[in-house]
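The structure appears right after this line, and notes come after that.
The values are calculated or read from the model by the stated rules, or taken from the named source; none is laboratory data. Bear in mind that the values here come from a model prediction, so they are computed numbers and not experimental data. For neighbour counting, all protein chains shown are included, and Cβ atoms are generated from backbone atoms with ideal geometry for every residue, glycine included. SASA here: full protein model, heavy atoms, side chains in, ligands and nucleic acids out. Shrake-Rupley method; radii C 1.70, N 1.55, O 1.52, S 1.80 Å.
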Amino acid sequence: MRPLVILVVAATVGALTAPLPARAGDAGAAAAAVRGAAAGRPAVTDRTGRTAGTGRTAGTDRTAGDPSGAGLRGGARPPSGPCALRTVTQHVSEGARTPRGYARSSGVVRAATFLIDFPDAPARISARGRYAEFFPAVADYYRVSSYGRLDYRSTPWPRWIRMSRPYRSYGITRGASFDPNRDDGYYAITKEILAAVGGRVDFRRYDLINVLAAPNAGPPAVQDVRSVTFAGAATGLTSRNGAPIRNVSFIWSRQTGDSPYRVLNHENAHSFGLPDLYRGDQNRMPHTPVGHWDPMDEDWGPSNDFLAWHKWKLGWLAPSQVHCVSRPGRRLLTLSPTSVPGGPKLAVIPLSPTRAITLEARAPGRLDHAVCRPGVLVTTVASDLPSGAAPVRASDATPGSGGCLTGDPNVSPALTDAPYRAGQRCAAAGVTVDVLGRDRAGNWRVLVTRRPPADDYA
(Lines give C-alpha, C1' and ligand atoms only; values in the text may rest on other atoms or scores of the structure.)
Protein backbone atom coordinates (compact mmCIF):
# COMPACT_ATOMS: atom_id res chain seq x y z
CA MET A 1 0.00 0.00 0.00
CA ARG A 2 1.09 3.56 -0.54
CA PRO A 3 1.42 6.24 2.09
CA LEU A 4 -1.65 8.27 2.83
CA VAL A 5 -2.74 11.70 2.45
CA ILE A 6 -2.16 15.23 2.23
CA LEU A 7 -3.22 18.71 1.86
CA VAL A 8 -1.32 21.55 3.23
CA VAL A 9 -1.94 24.92 4.82
CA ALA A 10 -1.32 26.45 8.35
CA ALA A 11 0.00 26.92 11.95
CA THR A 12 -0.79 28.05 15.56
CA VAL A 13 -4.03 27.14 17.37
CA GLY A 14 -5.57 26.75 20.84
CA ALA A 15 -6.51 24.46 23.79
CA LEU A 16 -9.51 22.68 25.25
CA THR A 17 -10.84 23.81 28.58
CA ALA A 18 -10.45 20.26 29.93
CA PRO A 19 -7.15 19.71 31.76
CA LEU A 20 -4.29 18.52 29.60
CA PRO A 21 -2.82 15.08 30.27
CA ALA A 22 0.19 15.36 32.54
CA ARG A 23 2.38 13.70 29.91
CA ALA A 24 1.79 13.09 26.25
CA GLY A 25 2.61 9.42 26.69
CA ASP A 26 0.46 8.86 29.80
CA ALA A 27 -2.33 6.55 28.67
CA GLY A 28 -4.11 6.81 32.02
CA ALA A 29 -4.15 10.58 31.96
CA ALA A 30 -5.34 10.63 28.36
CA ALA A 31 -8.17 8.22 29.16
CA ALA A 32 -9.09 10.30 32.20
CA ALA A 33 -9.28 13.38 30.02
CA VAL A 34 -11.73 11.57 27.74
CA ARG A 35 -13.88 10.45 30.65
CA GLY A 36 -13.83 13.66 32.68
CA ALA A 37 -13.57 16.53 30.18
CA ALA A 38 -16.72 18.37 29.81
CA ALA A 39 -9.40 34.51 5.46
CA GLY A 40 -7.37 33.02 2.70
CA ARG A 41 -7.73 29.58 1.14
CA PRO A 42 -5.18 27.02 2.22
CA ALA A 43 -2.64 25.74 -0.23
CA VAL A 44 -3.37 22.08 -0.67
CA THR A 45 -1.63 19.21 -2.37
CA ASP A 46 -3.39 15.93 -2.88
CA ARG A 47 -1.80 12.53 -3.34
CA THR A 48 -1.24 13.20 -7.04
CA GLY A 49 0.88 16.25 -6.19
CA ARG A 50 -1.60 18.68 -7.78
CA THR A 51 -1.92 22.12 -6.19
CA ALA A 52 -5.56 22.65 -5.38
CA GLY A 53 -5.40 26.18 -4.03
CA THR A 54 -3.11 28.94 -2.86
CA GLY A 55 -2.90 30.18 0.68
CA ARG A 56 -1.03 33.13 2.07
CA THR A 57 1.63 32.84 4.73
CA ALA A 58 3.70 35.70 6.04
CA GLY A 59 7.42 35.76 6.56
CA THR A 60 10.01 33.03 6.43
CA ASP A 61 10.49 32.05 10.06
CA ARG A 62 8.53 29.92 12.49
CA THR A 63 5.74 31.55 14.44
CA ALA A 64 6.25 29.35 17.47
CA GLY A 65 9.25 28.17 19.41
CA ASP A 66 12.60 29.83 19.98
CA PRO A 67 14.55 30.18 16.71
CA SER A 68 17.78 30.25 18.68
CA GLY A 69 17.08 26.79 19.99
CA ALA A 70 17.29 27.93 23.61
CA GLY A 71 15.37 25.60 25.84
CA LEU A 72 15.38 22.67 23.44
CA ARG A 73 16.54 19.49 25.10
CA GLY A 74 20.18 18.66 24.45
CA GLY A 75 20.96 21.94 22.70
CA ALA A 76 19.07 21.12 19.49
CA ARG A 77 18.02 24.01 17.28
CA PRO A 78 16.75 24.64 13.75
CA PRO A 79 19.29 24.06 10.96
CA SER A 80 21.72 26.80 9.99
CA GLY A 81 24.99 27.19 8.14
CA PRO A 82 26.13 26.16 4.66
CA CYS A 83 24.45 22.75 4.84
CA ALA A 84 21.00 24.14 5.63
CA LEU A 85 19.26 24.09 2.25
CA ARG A 86 17.51 27.25 1.15
CA THR A 87 13.74 27.45 1.52
CA VAL A 88 12.23 28.64 -1.77
CA THR A 89 8.49 28.22 -1.12
CA GLN A 90 5.87 29.10 1.47
CA HIS A 91 4.54 25.55 1.27
CA VAL A 92 5.87 22.33 2.78
CA SER A 93 9.32 21.50 1.46
CA GLU A 94 12.76 20.19 2.37
CA GLY A 95 14.00 23.73 2.98
CA ALA A 96 15.83 24.03 6.29
CA ARG A 97 13.72 26.93 7.52
CA THR A 98 10.01 26.26 7.83
CA PRO A 99 7.93 29.32 6.86
CA ARG A 100 5.75 31.27 9.23
CA GLY A 101 2.34 29.72 9.70
CA TYR A 102 3.29 26.13 10.45
CA ALA A 103 3.28 24.59 13.90
CA ARG A 104 6.30 24.36 16.15
CA SER A 105 7.97 20.94 15.99
CA SER A 106 9.97 20.92 19.22
CA GLY A 107 9.27 21.64 22.83
CA VAL A 108 5.68 21.31 24.03
CA VAL A 109 3.20 20.93 21.16
CA ARG A 110 -0.50 20.83 22.04
CA ALA A 111 -3.22 19.26 19.90
CA ALA A 112 -6.98 19.55 20.26
CA THR A 113 -8.52 16.27 19.10
CA PHE A 114 -12.16 15.90 18.05
CA LEU A 115 -14.17 12.84 16.99
CA ILE A 116 -16.98 13.06 14.44
CA ASP A 117 -19.61 10.74 13.02
CA PHE A 118 -22.58 11.12 10.67
CA PRO A 119 -26.32 10.36 10.69
CA ASP A 120 -25.81 7.68 8.03
CA ALA A 121 -22.54 6.46 9.58
CA PRO A 122 -22.95 6.55 13.37
CA ALA A 123 -19.89 5.50 15.33
CA ARG A 124 -19.83 1.81 16.23
CA ILE A 125 -17.23 2.26 18.95
CA SER A 126 -16.93 4.67 21.86
CA ALA A 127 -15.17 8.00 21.52
CA ARG A 128 -12.70 6.71 24.06
CA GLY A 129 -12.02 3.61 21.94
CA ARG A 130 -11.40 5.58 18.75
CA TYR A 131 -9.14 8.04 20.55
CA ALA A 132 -7.16 5.15 22.04
CA GLU A 133 -6.33 3.93 18.51
CA PHE A 134 -4.02 6.95 18.28
CA PHE A 135 -3.10 8.05 21.78
CA PRO A 136 -0.78 7.78 23.56
CA ALA A 137 0.90 6.02 20.59
CA VAL A 138 1.25 9.15 18.41
CA ALA A 139 2.77 11.12 21.28
CA ASP A 140 5.08 8.26 22.24
CA TYR A 141 6.28 7.96 18.65
CA TYR A 142 7.21 11.63 18.48
CA ARG A 143 8.91 11.51 21.88
CA VAL A 144 11.11 8.57 20.81
CA SER A 145 11.82 9.85 17.29
CA SER A 146 12.74 13.34 18.55
CA TYR A 147 14.95 11.97 21.37
CA GLY A 148 12.66 13.69 23.84
CA ARG A 149 12.74 17.06 22.08
CA LEU A 150 9.06 17.02 21.06
CA ASP A 151 6.56 16.77 23.90
CA TYR A 152 3.25 16.14 22.10
CA ARG A 153 0.17 16.65 24.28
CA SER A 154 -3.28 15.86 22.93
CA THR A 155 -6.51 16.87 24.66
CA PRO A 156 -9.63 15.06 23.42
CA TRP A 157 -13.17 16.36 23.20
CA PRO A 158 -14.89 13.73 25.34
CA ARG A 159 -17.68 12.60 23.01
CA TRP A 160 -18.63 12.05 19.38
CA ILE A 161 -19.74 15.18 17.52
CA ARG A 162 -22.59 14.22 15.18
CA MET A 163 -22.56 16.05 11.86
CA SER A 164 -25.87 17.53 10.73
CA ARG A 165 -25.99 15.86 7.31
CA PRO A 166 -25.23 12.46 5.78
CA TYR A 167 -21.60 11.72 4.99
CA ARG A 168 -22.12 11.77 1.24
CA SER A 169 -23.55 15.28 1.31
CA TYR A 170 -20.17 16.73 2.31
CA GLY A 171 -18.51 15.51 -0.86
CA ILE A 172 -15.48 14.07 0.91
CA THR A 173 -13.28 12.47 -1.71
CA ARG A 174 -9.54 12.41 -2.21
CA GLY A 175 -8.62 16.01 -2.98
CA ALA A 176 -11.76 17.55 -1.42
CA SER A 177 -11.24 21.23 -0.66
CA PHE A 178 -11.40 23.52 2.36
CA ASP A 179 -13.29 26.21 0.47
CA PRO A 180 -15.09 28.95 2.45
CA ASN A 181 -17.20 29.70 -0.61
CA ARG A 182 -18.85 26.26 -0.53
CA ASP A 183 -21.32 24.70 1.89
CA ASP A 184 -19.69 21.27 1.77
CA GLY A 185 -16.22 19.78 2.11
CA TYR A 186 -13.87 20.29 5.00
CA TYR A 187 -14.96 23.88 5.55
CA ALA A 188 -18.50 22.75 6.37
CA ILE A 189 -17.34 19.94 8.67
CA THR A 190 -14.97 22.19 10.59
CA LYS A 191 -17.60 24.90 10.90
CA GLU A 192 -19.95 22.39 12.54
CA ILE A 193 -17.22 21.27 14.95
CA LEU A 194 -16.67 24.88 16.00
CA ALA A 195 -20.39 25.36 16.54
CA ALA A 196 -20.62 22.19 18.62
CA VAL A 197 -17.81 23.13 21.02
CA GLY A 198 -18.64 26.83 21.12
CA GLY A 199 -16.66 28.81 23.65
CA ARG A 200 -15.73 25.73 25.66
CA VAL A 201 -12.50 25.33 23.69
CA ASP A 202 -9.89 28.06 23.67
CA PHE A 203 -8.15 27.37 20.37
CA ARG A 204 -5.49 29.95 21.14
CA ARG A 205 -3.84 27.36 23.36
CA TYR A 206 -3.35 24.77 20.62
CA ASP A 207 -0.78 24.26 17.88
CA LEU A 208 -2.63 21.45 16.04
CA ILE A 209 -6.20 20.30 15.47
CA ASN A 210 -6.95 16.62 14.87
CA VAL A 211 -10.30 15.34 13.60
CA LEU A 212 -10.81 11.58 13.88
CA ALA A 213 -13.82 10.38 11.89
CA ALA A 214 -15.78 7.26 12.75
CA PRO A 215 -13.94 4.41 10.95
CA ASN A 216 -17.14 3.37 9.15
CA ALA A 217 -17.61 6.81 7.54
CA GLY A 218 -16.49 6.49 3.94
CA PRO A 219 -14.64 3.66 2.20
CA PRO A 220 -11.90 1.58 3.84
CA ALA A 221 -8.43 3.08 3.51
CA VAL A 222 -7.33 0.04 1.52
CA GLN A 223 -9.79 1.14 -1.17
CA ASP A 224 -9.36 4.92 -1.08
CA VAL A 225 -6.99 7.03 1.01
CA ARG A 226 -8.74 10.19 2.20
CA SER A 227 -6.85 11.31 5.29
CA VAL A 228 -5.55 14.83 4.76
CA THR A 229 -3.96 17.87 6.41
CA PHE A 230 -4.49 21.59 5.80
CA ALA A 231 -1.36 23.37 6.98
CA GLY A 232 0.54 26.59 6.54
CA ALA A 233 -2.19 29.20 6.03
CA ALA A 234 -5.50 30.21 7.54
CA THR A 235 -8.49 28.12 6.47
CA GLY A 236 -10.97 31.00 6.50
CA LEU A 237 -12.53 29.96 9.82
CA THR A 238 -12.05 31.67 13.17
CA SER A 239 -12.93 30.34 16.61
CA ARG A 240 -15.27 32.16 18.97
CA ASN A 241 -12.29 33.61 20.81
CA GLY A 242 -10.75 34.94 17.60
CA ALA A 243 -8.15 32.26 16.88
CA PRO A 244 -7.63 31.46 13.18
CA ILE A 245 -8.20 27.77 12.50
CA ARG A 246 -5.04 26.25 11.03
CA ASN A 247 -3.03 23.05 10.92
CA VAL A 248 -6.02 20.71 10.81
CA SER A 249 -5.60 16.98 10.15
CA PHE A 250 -8.54 14.75 9.21
CA ILE A 251 -8.22 10.98 9.67
CA TRP A 252 -10.60 8.60 7.89
CA SER A 253 -10.98 4.83 8.15
CA ARG A 254 -8.11 2.69 9.49
CA GLN A 255 -4.75 1.65 8.08
CA THR A 256 -3.18 -1.76 8.31
CA GLY A 257 0.10 -2.89 9.84
CA ASP A 258 1.62 -3.01 13.30
CA SER A 259 1.32 0.76 13.85
CA PRO A 260 -1.74 2.12 12.01
CA TYR A 261 -1.71 5.25 14.19
CA ARG A 262 1.23 6.53 12.13
CA VAL A 263 -1.16 8.04 9.60
CA LEU A 264 -1.59 10.82 12.17
CA ASN A 265 2.17 11.14 12.64
CA HIS A 266 2.39 11.57 8.86
CA GLU A 267 -0.41 14.12 8.77
CA ASN A 268 0.82 16.14 11.73
CA ALA A 269 4.29 16.22 10.16
CA HIS A 270 2.77 18.28 7.33
CA SER A 271 1.77 20.84 9.94
CA PHE A 272 5.41 20.81 11.05
CA GLY A 273 6.43 21.61 7.45
CA LEU A 274 7.40 18.23 5.99
CA PRO A 275 6.39 17.35 2.41
CA ASP A 276 5.24 14.08 0.89
CA LEU A 277 8.19 12.11 -0.39
CA TYR A 278 6.37 9.82 -2.79
CA ARG A 279 5.67 10.82 -6.38
CA GLY A 280 2.19 11.98 -7.24
CA ASP A 281 2.07 9.73 -10.29
CA GLN A 282 3.01 6.37 -8.86
CA ASN A 283 2.36 4.66 -12.21
CA ARG A 284 5.60 6.11 -13.58
CA MET A 285 7.81 4.87 -10.74
CA PRO A 286 9.01 1.26 -10.43
CA HIS A 287 9.37 1.88 -6.69
CA THR A 288 8.99 4.75 -4.27
CA PRO A 289 11.78 7.35 -4.07
CA VAL A 290 12.56 6.62 -0.40
CA GLY A 291 10.54 3.54 0.42
CA HIS A 292 10.06 2.49 4.03
CA TRP A 293 12.84 4.73 5.34
CA ASP A 294 10.49 7.57 6.26
CA PRO A 295 6.75 7.77 7.05
CA MET A 296 6.40 10.72 4.67
CA ASP A 297 6.84 8.15 1.89
CA GLU A 298 5.31 5.00 3.41
CA ASP A 299 3.28 5.20 6.62
CA TRP A 300 1.53 1.83 6.24
CA GLY A 301 2.76 -1.53 7.49
CA PRO A 302 5.66 -1.91 9.94
CA SER A 303 6.72 1.10 11.97
CA ASN A 304 9.44 3.29 10.46
CA ASP A 305 11.35 6.32 11.72
CA PHE A 306 11.96 9.71 10.12
CA LEU A 307 15.05 10.40 8.04
CA ALA A 308 17.88 12.12 9.90
CA TRP A 309 17.50 15.11 7.55
CA HIS A 310 13.91 15.50 8.74
CA LYS A 311 15.00 15.21 12.36
CA TRP A 312 17.43 18.07 11.76
CA LYS A 313 14.83 20.19 9.97
CA LEU A 314 12.35 19.64 12.81
CA GLY A 315 14.85 20.80 15.43
CA TRP A 316 15.59 17.41 16.99
CA LEU A 317 19.36 17.33 16.42
CA ALA A 318 22.06 19.38 18.12
CA PRO A 319 24.72 21.02 15.91
CA SER A 320 27.27 18.50 17.20
CA GLN A 321 25.13 15.69 15.75
CA VAL A 322 25.40 16.98 12.17
CA HIS A 323 28.53 16.72 10.02
CA CYS A 324 28.55 19.51 7.42
CA VAL A 325 30.94 18.61 4.58
CA SER A 326 30.90 21.85 2.61
CA ARG A 327 34.57 22.06 1.55
CA PRO A 328 36.67 19.96 -0.82
CA GLY A 329 38.87 17.29 0.70
CA ARG A 330 38.56 14.06 2.64
CA ARG A 331 36.58 13.64 5.87
CA LEU A 332 36.47 10.56 8.08
CA LEU A 333 33.09 10.53 9.80
CA THR A 334 31.24 8.43 12.35
CA LEU A 335 27.47 7.98 12.26
CA SER A 336 25.40 6.60 15.11
CA PRO A 337 22.17 4.81 14.12
CA THR A 338 19.11 7.05 14.21
CA SER A 339 17.33 4.39 16.26
CA VAL A 340 19.42 5.14 19.35
CA PRO A 341 19.81 8.47 21.18
CA GLY A 342 23.08 10.32 21.23
CA GLY A 343 25.99 10.53 18.83
CA PRO A 344 26.31 12.05 15.35
CA LYS A 345 23.23 11.29 13.25
CA LEU A 346 23.62 13.07 9.93
CA ALA A 347 26.22 14.03 7.35
CA VAL A 348 25.28 16.64 4.75
CA ILE A 349 27.27 17.35 1.58
CA PRO A 350 25.71 20.42 -0.08
CA LEU A 351 25.80 20.46 -3.88
CA SER A 352 24.03 23.78 -4.38
CA PRO A 353 21.92 26.14 -2.26
CA THR A 354 18.94 23.79 -2.77
CA ARG A 355 20.49 20.32 -3.27
CA ALA A 356 22.51 18.02 -1.01
CA ILE A 357 23.64 14.45 -0.45
CA THR A 358 22.90 13.13 3.04
CA LEU A 359 24.23 10.14 4.98
CA GLU A 360 22.76 8.44 8.03
CA ALA A 361 23.06 5.08 9.77
CA ARG A 362 19.96 2.91 10.07
CA ALA A 363 19.48 -0.15 12.26
CA PRO A 364 16.50 -1.97 13.78
CA GLY A 365 15.05 -0.11 16.73
CA ARG A 366 11.94 0.83 18.64
CA LEU A 367 10.49 2.70 15.67
CA ASP A 368 12.36 1.01 12.83
CA HIS A 369 10.74 -2.42 12.55
CA ALA A 370 11.49 -3.12 8.89
CA VAL A 371 15.28 -2.66 8.79
CA CYS A 372 16.57 -5.93 7.38
CA ARG A 373 19.92 -4.58 6.15
CA PRO A 374 21.56 -2.18 8.63
CA GLY A 375 24.03 0.23 7.09
CA VAL A 376 24.55 3.74 5.77
CA LEU A 377 21.56 5.19 3.92
CA VAL A 378 22.53 7.67 1.20
CA THR A 379 19.92 10.12 -0.05
CA THR A 380 19.72 13.21 -2.22
CA VAL A 381 17.60 16.08 -0.93
CA ALA A 382 16.12 18.87 -3.06
CA SER A 383 14.45 21.83 -1.37
CA ASP A 384 13.35 23.20 -4.76
CA LEU A 385 11.15 20.20 -5.57
CA PRO A 386 7.55 20.38 -4.31
CA SER A 387 5.68 17.93 -2.13
CA GLY A 388 4.71 14.83 -4.10
CA ALA A 389 7.56 15.27 -6.61
CA ALA A 390 10.13 13.05 -4.87
CA PRO A 391 12.12 15.79 -3.09
CA VAL A 392 14.19 13.07 -1.40
CA ARG A 393 15.55 10.00 -3.18
CA ALA A 394 17.43 7.08 -1.71
CA SER A 395 20.45 5.55 -3.44
CA ASP A 396 20.19 1.78 -3.73
CA ALA A 397 23.34 -0.07 -2.70
CA THR A 398 21.94 -3.28 -4.22
CA PRO A 399 20.13 -2.29 -7.42
CA GLY A 400 18.09 -5.06 -8.98
CA SER A 401 18.18 -7.26 -5.88
CA GLY A 402 14.45 -7.07 -5.19
CA GLY A 403 15.03 -6.15 -1.55
CA CYS A 404 15.40 -8.07 1.70
CA LEU A 405 11.88 -7.56 3.08
CA THR A 406 9.52 -8.97 0.50
CA GLY A 407 6.64 -10.50 2.41
CA ASP A 408 4.75 -7.39 3.53
CA PRO A 409 2.32 -5.88 1.00
CA ASN A 410 2.58 -2.53 2.81
CA VAL A 411 6.33 -2.24 2.16
CA SER A 412 7.86 -1.46 -1.23
CA PRO A 413 10.62 -4.11 -1.18
CA ALA A 414 13.11 -2.75 -3.71
CA LEU A 415 14.72 -0.22 -1.35
CA THR A 416 14.60 -2.28 1.86
CA ASP A 417 18.24 -3.29 1.25
CA ALA A 418 19.31 0.18 0.08
CA PRO A 419 21.86 0.96 2.86
CA TYR A 420 25.56 0.72 2.00
CA ARG A 421 27.75 -1.61 4.04
CA ALA A 422 31.48 -2.11 4.64
CA GLY A 423 33.48 -2.07 1.42
CA GLN A 424 30.79 -0.41 -0.70
CA ARG A 425 31.11 2.93 -2.42
CA CYS A 426 28.61 5.53 -3.62
CA ALA A 427 29.84 8.19 -6.04
CA ALA A 428 27.88 11.09 -7.54
CA ALA A 429 28.27 14.80 -8.35
CA GLY A 430 31.95 14.90 -7.45
CA VAL A 431 31.36 13.22 -4.09
CA THR A 432 32.58 9.75 -3.14
CA VAL A 433 31.33 7.95 -0.05
CA ASP A 434 33.26 4.89 1.11
CA VAL A 435 31.73 2.84 3.92
CA LEU A 436 34.61 1.52 6.01
CA GLY A 437 32.81 -0.56 8.59
CA ARG A 438 30.93 -0.72 11.86
CA ASP A 439 32.36 -0.69 15.38
CA ARG A 440 31.23 -2.78 18.35
CA ALA A 441 28.84 -0.05 19.48
CA GLY A 442 27.03 -0.18 16.12
CA ASN A 443 28.42 3.12 14.79
CA TRP A 444 29.38 3.29 11.13
CA ARG A 445 32.59 4.86 9.80
CA VAL A 446 32.54 6.51 6.38
CA LEU A 447 35.11 8.35 4.31
CA VAL A 448 33.71 11.27 2.30
CA THR A 449 35.79 12.72 -0.52
CA ARG A 450 34.81 15.97 -2.26
CA ARG A 451 36.51 17.08 -5.42
CA PRO A 452 36.79 20.81 -6.12
CA PRO A 453 34.98 22.85 -7.33
CA ALA A 454 32.02 20.97 -5.77
CA ASP A 455 31.17 23.78 -3.38
CA ASP A 456 31.84 26.77 -5.66
CA TYR A 457 28.12 27.59 -5.63
CA ALA A 458 28.69 29.66 -2.48
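Brief remarks on what is shown
- The value obtained for region 74-125, namely the Cα convex hull volume divided by the number of residues, is 172 Å³ per residue.
- Each of residue 133 and residue 406 was given a label point 7 Å from its Cα along the Cα-to-Cβ line. The distance between the two points is 3.3 nm.
- Spin-label proximity, residue 125 to region 242-256 - amide N less than 12 Å from point 7 Å beyond Cα toward beta carbon: 253-256
- Rounded FRET efficiency, nearest 0.05, which uses the C-beta distance separating residue 429 from residue 240 and R0 of 51 Å: 0.40
- Normalised contact order of region 214-333, rounded percent, pairs of Cα under 8 Å and 6 or more residues apart: 20 percent
- Region 347-424: Rg to Rh, with Rh as the Kirkwood radius over Cα pairs: 0.99
- Added length on full extension, which subtracts the Cα-Cα distance from 0.36 nm per residue, residue 182 to residue 195: 3.0 nm
- FRET efficiency for the residue 222 to residue 330 pair, using the beta carbon distance and R₀ = 51 Å, is estimated at 0.55.
- The heavy atoms of residue 110 offer some 70 square angstrom of accessible surface to a 1.4 angstrom probe.
- Around residue 123: net Lys/Arg minus Asp/Glu count, Cβ-Cβ under 15 Å: +3
- Net charge, residue 373 excluded, C-beta distance under 13 Å - Lys, Arg +1, Asp, Glu -1: 0
- Here region 383-458 is treated as a sphere whose radius is the Kirkwood value from Cα pairs; by Stokes-Einstein at 20 °C and 1.002 mPa s it diffuses with a coefficient of 143 µm²/s.
- Counting every alpha-carbon pair across region 352-394, the share separated by more than 17 Å comes to 44%.
- Label-to-label distance, nm, for residues given as residue 447 and residue 422 (7 Å Cα→Cβ offset): 1.5 nm
- Once the gyration tensor of the Cα atoms in region 203-358 is diagonalised, the equivalent ellipsoid follows with semi-axes of 32, 21, 15 Å, ordered largest first.
- Spin-label pair residue 80/residue 254, simplified geometry with 7 Å Cα→Cβ offset, distance in nm: 4.7 nm
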